[in-house]
Amino acid sequence: RGATRSARQLTQMSLDWSQPSELGQWGMGLDLQDKVDNMHNYQAAVDPLTSAELVDATTTNRYTVKTRLSAIYLTNRMKSENWDVLFGGRAESMALGVNPQQEGARTSHWQALNPSLNLMHTINDTSNLTLSFRRSLQMPDPRDLNPFTTYVDAQNLSRGNPSLKPQILNAWEIGTDLERGHLNSSLSAVYRTSHDTVIDARSFTD
């Protein structure tokens, strides 16, 4: 018999502020998050005669992932003739703690400054061109941080890595919007790169 339980508790506070300017609008904000993920994996062999359960210690485990995020961001939007420009930056600090029931806790910290840019050029009343760039941090899934073996099915077991770093994502997008009568169409191309990418490794076991 197997069972997997998960529970998430999220405490979040956000503050946004904006101020008109001569060319557009300034904005800034604050984002504070405390997130706790509790994970429990259970696996046991069941005696067909007595229905007694024998817990499999190799695939039964419990752990907690705590994520604390503090971020502040600034944006500025400007309009001039046929141009609409929005650029900004987000400074953030992260603390990630993995606390397995069978081992000691480990905590890692990261700081990052992530810029963003959005450009729109209006060609005429029915068409425009857009260009955008964004950098962001993507935290690993809490299940990928489990340092113990977990039963998936009779042919598959999984194990995470509590030392995983957040992925750094860079995304460029260019596009166009066209309007002809009752028909609206859009075309875009996206290019993404990542660092410290989380990947899966597979192997055979006896």
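The values are calculated or read from the model by the stated rules, or taken from the named source; none is laboratory data. Given the structure is predicted, the values throughout are model-derived calculations rather than measurements. Cβ placement follows ideal geometry from the backbone for every residue including glycine, while neighbour counts extend to all protein chains displayed. With ligands, DNA and RNA removed, areas are computed over all heavy atoms of the protein, side chains included. Shrake-Rupley method; radii C 1.70, N 1.55, O 1.52, S 1.80 Å.
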Would you mind getting me the FRET efficiency between VAL198 and ALA7? Use the beta-carbon distance for r and R0 = 30 Å, nearest 0.05.
0.85
Rounded, prolate or oblate: pick one for segment 55-132, where a ≥ b ≥ c are the square roots of the eigenvalues of its C-alpha gyration tensor, a/c under 1.5 means rounded, and failing that, prolate if a/b is larger than b/c, else oblate.
prolate
Taking H as built 1.01 Å from N, whose amide H comes closer than 5 Å to the amide H of PHE148, not counting residues under 5 places away?
GLY160
Whole number in Å², please: accessible area per residue of segment 16-101, 1.4 Å probe, ligands, DNA and RNA not counted.
60 Å²
Once you have the Kirkwood Rh of the chain from its Cα pairs, apply Stokes-Einstein at 37 °C and 0.692 mPa s and quote D in µm²/s.
156 µm²/s
Loop sites only, by DSSP: take the GluC sites (Glu not before Pro) in the chain that have at most 16 other C-beta atoms within 10 Å and name the longest stretch containing none of them.
104-206
Counting only protein heavy atoms and using a 1.4 Å probe, what share of the accessible area of the chain belongs to carbon plus sulfur, as a whole percent?
53 percent
ASN128 neighbourhood, Cβ < 10 Å, K/R = +1, D/E = -1, net charge -4
